[in-house]
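Below you'll find the structure, written out as structure tokens, and then a few comments.
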Amino acid sequence: MSEPVALKLTAKDFKSDQEVRWCPGCGDYAILAAVQQFMPELNIPRENIVFVSGIGCSSRFPYYMNTYGMHSIHGRAPAIATGLSVSRPDLSVWVVTGDGDALSIGGNHLIHALRRNVNLKILLFNNRIYGLTKGQYSPTSEVGKITKSTPVGSADAPFNPLSLALGAEATFVGRTIDSDRKHLQSVLRAAAEHQGSAFVEIYQNCNIFNDGAFETLKEPATRDDFLIRLEHGQPITFGKDGQFCVVHPPGGFGLEVRETAATPAEEIVVHDATVNDPAYAFALSRLPGLDLRNTPIGVFRNVDRPSYDGVVQEQVATAKAKVSDTPEQQLAALLATGDTWTIN
Amino acid sequence: MTKQIRQLDRVVIRFAGDSGDGMQLTGDRFTSETAQLGNDISTLPNFPAEIRAPAGTLPGVSSFQVHFADYDILTPGDAPNVLVAMNPAALKANLADLPRGADIIVNTDEFTRRNLAKVGYASSPLDDDSLAGYVVHPVALTSMTVGALAEQEVSKKDAERAKNMFALGLLSWMYSRPYESTLRFLERKFAARPELVAANVAAFKAGWNFGETTEDFAVRYEVKPAKMQSGTYRNITGNAALSLGLVAAGVRSGLPVFLGAYPITPASDILHELSKHKKFGVITMQAEDEIAAVGAALGASYGGSLGVTTTSGPGVALKSETISLAVALELPLVIVDVQRAGPSTGMPTKTEQADLNLALYGRHGEAPVAVIAPKSPSDCFHAAIEAARIALTYRTPVILLSDNYIASGSEPWLLPDVASLPDLRVEFASEPNGSDGTFLPYLRDPETLARPWAVPGTPGLEHRIGGLEKADKTGDISYDPANHDFMVRTRAARIETIPVPDIEVEDPDGDARLLVLGWGSTYGPIGAACRGLRQRGLSVAQAHLRHLAPMPANLGEVLRSYDRVVIPEMNLGQLAHVIRARYLVDAIGYNQVRGLPFTAAELETMLEEVLKNV
């Protein structure tokens, strides 16, 4: 196969003529800029890229991408994108969604898209709040969240989006942060290379209704001690001086954080995103505490499984390969199937 | 013994038994044999929603009615001339529908004290005079079947299960049906188990021979072939015809068909059928729910497929928001609603026409769509193609309202010549349409008011669409008051100006003053009632609506040219309401919601009453 022709696109090529209308200071700007800058790397013609979104602040995203795009209805983007992707395997289909859109009203479609392993790249902007409807708590808000709709604190426990995706056996699961462009693009790159569903949670700051939700992960003073930067094939250590590490205590189900100095090197877990059993990535997803301490970012899981689109298209191709008649001839034969009789 | 042969012009037979007795299969086979003979046919299955309701109980009774004649018929028949009752429950559940003098063939083996008690018979109706008004043929169906299979290598259970073939053999003999197709069918069905082929064939032949030898059946009947248009026919149900219509729409448009569906009675058979036709490029997706089913179909339409979703009323309710999105996106989408009795779960296996309001109005905002309804099982084929034609040409959702009566019922279908089917080819947008080289996704075709269908993958036409209101031509987000008013009116005009054929009136006497207007599956019973009246010298005109949105341009004129308009519907007057509001015509509704189709007789009686005051 010859090398594909370099398209020489730039970030500018992916900017649409529409004025971007998020609130000044919104984390969505940084994500948009990072995605636009990353897109040329794919070397896919703009016309073969489609962004599908639901409803919410993040879902305005397609309007700002100079590709094909659909701003659909609340929660349904994974379903709509599934129909598009299955019927058009030649396209690169991206879903942009938020914590309310994907995990509340659209929870069902999300888990089924992941279970089917539809060839979609799903970017979930998680700001842990409803922004477009002006500040109600979301399914990722912490318990006791005080908002307009929960004046004395929310009573329900939040979803951990990655745990949920892993429960649905998503084949690619990652997490990144709006403000870390380099890291964000590295996760997008891995997601784009993945065949099947790629689920990427992006921590995104809503400076109006939930400002500073992820501040400890961004502040130079705290971030290194709070963040676990996952790297495939590397022992999981973190902290300013690498003073923390992740181990799998014998007898336990999950992973735990220890002090590196007091841990024999062979006990430190070496990150392997290709472990087939989702339990490992699930254990990673359970590490963060309520204060976001021990938050892993990067690619948690990246395994191979046939994509739904691929299997469906293969079934169609197999059926088509068996026939040599024209469609009209086949149709005439189909109509006359079964017991027929002729009247002269 | 030579048996007397009597000629009949028409017969209605109802096979009834426990839902595990194979009555649907028996009825299907009898229908197929009858079709081979060239009679006109109409069938009506009637079964409980439970897959296996408790054996021997009234809720567990399943039946299949077949009407065949030497002339063209319009309905499965009001009342059976013959009832085959496989157990006491089947007798009790169906007796009230039988006219006096009808033949009843009963399986006496099942008339045990226990089975009689299950359905509240204190004593066997076979032993008292409660069936005196009927011609009862007591037949020990089960034990004779088991006896006939004594030499076969099958279990007693399998032998007993073959009793439906004994019954079919007997009825096939009684009505002089050709049985070769049934023997071929049994060979196919039990190909993996030759001993069952042998057993079922033996049971069938035993039933046939029993008829020939027993003195209880002194007469054999014949129904001559009907005079039908020449050509090749097959017997087909509405759901099968609809499925083939969708395949045909794919072939004639050159587009892949994408069906998103969630299993629901009575529409699931369309999903089953279409899933077999992958070689036509048909993709079927069993979605996680009704909303995903229509969402995936819309996504496929966006990508250049013919997006279709099939469901029943509860599913349409769930799809409502996505249909509204399709209205805003102005993309083709076919939504098939095989109506069943509602509200809520209602009676899933029973028919009704009560989703007309839902189809016409069941969306938020001003969200008009096209609505059409087939009038008979075979018409579902052509209605599906028409729905696809409107969806593709005018870039709009189209709701097709079938119902359980025609979806499960069957009739002979004159196979169409493929080349004569409508040409549904569409042109995707391929280059910018704006004066300055830009692409305007909402610049309309002045004739059809359709916007360009620019599918992803087309260079230079990258654009964004969505549910937010769009500016005319550019499709950019717009909150401009005048623009919204313009777009709402344009979307209404888009549907209202779709050209649909004029409604035709059937008034052979030419002097009728009463018009009966119907829509959808009531065509058969209304037609049969009108024929009955005309045979008695009364004049009545019949008109039937296929297009419910938009309505034919001549409808108002037609309605106003009659002194009286009667609208029979299996709902509480939904079309009548529209007609009264739209045309200021004082239409009279005739409504029933029993989960069953109208009988021709009840409509005839009703219309005769109306005629007295015209």
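No lab work stands behind these numbers, since they all come straight from the coordinates. Everything quoted here is computed from the prediction, not taken from an experiment. All Cβ positions, even for glycine, are placed from backbone atoms using ideal geometry, and neighbour counts span all protein chains on display.
Taking the highest mean first, how do the peptides B:89-101, B:563-575 order by number of other beta carbon atoms within 10 angstrom per residue? Intermediate results must be reported in sequence, preceding the final value.
Numbers: B:89-101: 18.2, B:563-575: 21.5.
So the peptides B:89-101, B:563-575, ranked by packing, come out B:563-575, B:89-101.
Compare the Cα positions of A:Leu335, B:Ser275, A:Met65 along the charge dipole of the protein assembly as shown (+1 at Cβ of Lys, Arg; -1 at Cβ of Asp, Glu; about the Cα centre) and return the one farthest towards the positive end.
About the Cα centre, the residue reaching furthest to the positive side is B:Ser275.
Between B:Leu468 and B:Ile588, take the C-beta separation as r, use R0 = 35 Å, and let me know the FRET efficiency to the nearest 0.05. List each step's numbers first, then the result.
Details: r = 45 Å, r/R0 = 1.28.
In this case the efficiency is close to 0.20.
Determine the shielding of peptide B:28-35 by partner chains: average, over its residues, the number of Cβ atoms on other chains within 10 angstrom of each Cβ.
Details: counts 0, 1, 0, 1, 3, 1, 0, 4.
Average per residue, whole number: 1.
Taking amide H atoms as placed 1.01 Å from N in the peptide plane, list the residues 5 or more away in sequence, or in a different chain, whose amide H sits under 5 Å from that of B:Tyr71.
Hits under the 5 Å cutoff: B:Asp40.
Which of A:Val173, B:Phe185, B:Gly231 sits closest to the plus end of the dipole of the protein assembly as shown, meaning its Cα is farthest towards the positive end, when Lys and Arg get +1 and Asp and Glu get -1 on the C-beta?
Checking the options against the dipole of the protein assembly as shown, the answer is A:Val173.
Full-extension gain between A:Glu219 and A:Ala279, please, as 0.36 nm times their residue separation minus the C-alpha to C-alpha distance. Could the numbers behind the result be given before it?
Values: separation 60, 0.36 × 60 = 21.60 nm, distance 3.09 nm.
Extra length from A:Glu219 to A:Ala279 when fully extended: 18.5 nm.
Can you flag which of B:Lys118/B:Lys205; B:Lys118/B:Lys163; B:Lys163/B:Lys224; A:Lys121/B:Lys279 are past 25 Å Cα-Cα?
Numbers: B:Lys118/B:Lys205 32 Å; B:Lys118/B:Lys163 21 Å; B:Lys163/B:Lys224 28 Å; A:Lys121/B:Lys279 29 Å.
Distance filter (> 25 Å) returns B:Lys118/B:Lys205; B:Lys163/B:Lys224; A:Lys121/B:Lys279.
So for the pair B:Ser561, B:Asp502, with labels modelled 7 Å out along Cα→Cβ, what separation do we get in nm?
0.7 nm
Among A:322-334, B:457-469, B:64-76, what's the highest-first ranking by average C-beta atoms within 10 angstrom per residue?
Working: A:322-334: 14.2, B:457-469: 19.5, B:64-76: 23.0.
Sorting A:322-334, B:457-469, B:64-76 by mean packing, highest first, produces B:64-76, B:457-469, A:322-334.
Please give the average number of partner chain Cβ atoms lying within 10 Å of the Cβ of each residue in B:408-415, rounded to a whole number.
On the way: counts 0, 0, 0, 0, 3, 2, 1, 5.
Going residue by residue through B:408-415 and averaging, the value is 1.
Full-extension gain between B:Asp445 and B:Ile51, please, as 0.36 nm times their residue separation minus the C-alpha to C-alpha distance.
Values: separation 394, 0.36 × 394 = 141.84 nm, distance 5.09 nm.
Gain on stretching B:Asp445 to B:Ile51: 136.7 nm.
What net charge is computed for the residues neighbouring B:Tyr71, neighbours being all others with C-beta under 15 Å from the C-beta of B:Tyr71, Lys and Arg scored +1, Asp and Glu -1?
Values: positive: B:Arg10, B:Lys224, B:Lys227, B:Arg531, B:Arg534; negative: B:Asp9, B:Asp40, B:Asp70, B:Asp72, B:Glu222, B:Glu411.
That sum, taken over residues with Cβ under 15 Å, equals -1.
Find how many whole Å separate the alpha carbon centroid of segment B:400-415 from the alpha carbon centroid of segment B:537-575.
21 Å
Starting from the Cα-Cα distance between B:Glu212 and B:Val610, subtract it from 0.36 nm times their residue separation and give me the gain in nm to one decimal.
Numbers: separation 398, 0.36 × 398 = 143.28 nm, distance 4.90 nm.
This chain segment gains 138.4 nm when fully extended.
Could you work out the local net charge near B:Ala317, counting Lys and Arg as +1, Asp and Glu as -1, over the other residues with Cβ closer than 15 Å to its Cβ? List each step's numbers first, then the result.
Details: positive: B:Lys319, B:Arg340, B:Arg363; negative: B:Asp289, B:Glu290, B:Glu321, B:Asp337, B:Glu352, B:Asp355.
Computed value for this residue: -3.
Select from B:Thr284, B:Ala354, B:Pro314 the residue farthest towards the positive end of the dipole of segment B:212-370; place +1 on Cβ of Lys and Arg, -1 on Cβ of Asp and Glu, and compute about the Cα centre.
So the residue furthest toward the plus end is B:Thr284.
Is any helix in chain B, taking whole DSSP H runs, at least 27 angstrom long along its axis by alpha carbon and on average at least -1.0 on the Kyte-Doolittle scale, and which ones?
Working: long enough: B:194-213 (28 Å, 0.24).
Membrane-span-like by this criterion, though nothing is claimed about a membrane: B:194-213.
Are there GluC sites (Glu not before Pro) in segment A:13-90 that DSSP marks as loop and that have at most 11 other Cβ atoms within 10 Å, and which are they?
Numbers: sites: A:Glu19, A:Glu41, A:Glu47; in loops: A:Glu19.
Qualifying residues, ordered by number: A:Glu19.
Treating only the Cβ of Lys, Arg, Asp and Glu as charged (+1, +1, -1, -1), what charge dipole size does chain A show about its Cα centre? Round to the nearest 20 debye. Before the final figure, lay out each step's value.
Working: 30 positive and 37 negative charges, 139 e Å.
Dipole magnitude for chain A comes out near 660 debye.
Once you keep just the Cα pairs under 8 angstrom separated by 6 or more residues, what percentage relative contact order results for chain B? Display every interim value, and only then the final one.
Values: 1352 pairs, mean separation 71.9, N = 614.
Dividing the mean separation by the residue count of chain B yields 12 percent.
With each run of n ≥ 4 DSSP H residues scored as -39500 (n - 2.57), what mean residue ellipticity at 222 nm is computed for chain B after dividing by its residue count and rounding to the nearest 500 deg cm²/dmol? All intermediate terms of the calculation are to be shown ahead of the outcome.
Values: 20 runs with 222 residues, N = 614.
Helix-only estimate at 222 nm: -11000 deg cm²/dmol.
Give me, ordered by chain and number, the residues 5 or more places off B:Ser176 or on other chains with an amide H under 5 Å from its own placed amide H.
Answer set, sorted by chain and number: B:Tyr221.
I'd like the mean, over residues of B:316-325, of how many other protein chain beta carbons sit within 10 Å of each residue's own Cβ. Don't jump to the answer; show the numbers that get you there.
Details: counts 0, 0, 0, 0, 0, 5, 5, 0, 1, 6.
For this peptide, the per-residue mean of nearby foreign Cβ atoms is 2.
If packing is taken as the mean number of other Cβ atoms within 10 Å per residue, what is the order of B:509-520, B:290-301, A:249-260, highest first? Mind showing how you got there, number by number?
Values: B:509-520: 20.2, B:290-301: 31.4, A:249-260: 12.9.
Going by the mean number of other Cβ atoms within 10 Å, highest first, we get B:290-301, B:509-520, A:249-260.
Please list, ordered by chain and number, the residues whose modelled amide H lies under 5 Å from the amide H of B:His463; skip anything fewer than 5 residues away on the same chain.
When sequence neighbours closer than 5 places are left aside, the close amide H contacts are A:Tyr68, A:Gly69.
Along Cα→Cβ, 7 Å out, is where each label goes; now give me the distance between the ones at A:Asn207 and A:Val270 in nm to one decimal.
A separation of 4.4 nm, rounded to one decimal place.
Please report, in debye to the nearest 20, how large the charge dipole of the protein assembly as shown is about its Cα centre when each Lys and Arg carries +1 at its beta carbon and each Asp and Glu carries -1 there. Don't skip to the end; give the middle numbers.
On the way: 86 positive and 108 negative charges, 25 e Å.
Roughly 120 debye for the protein assembly as shown.
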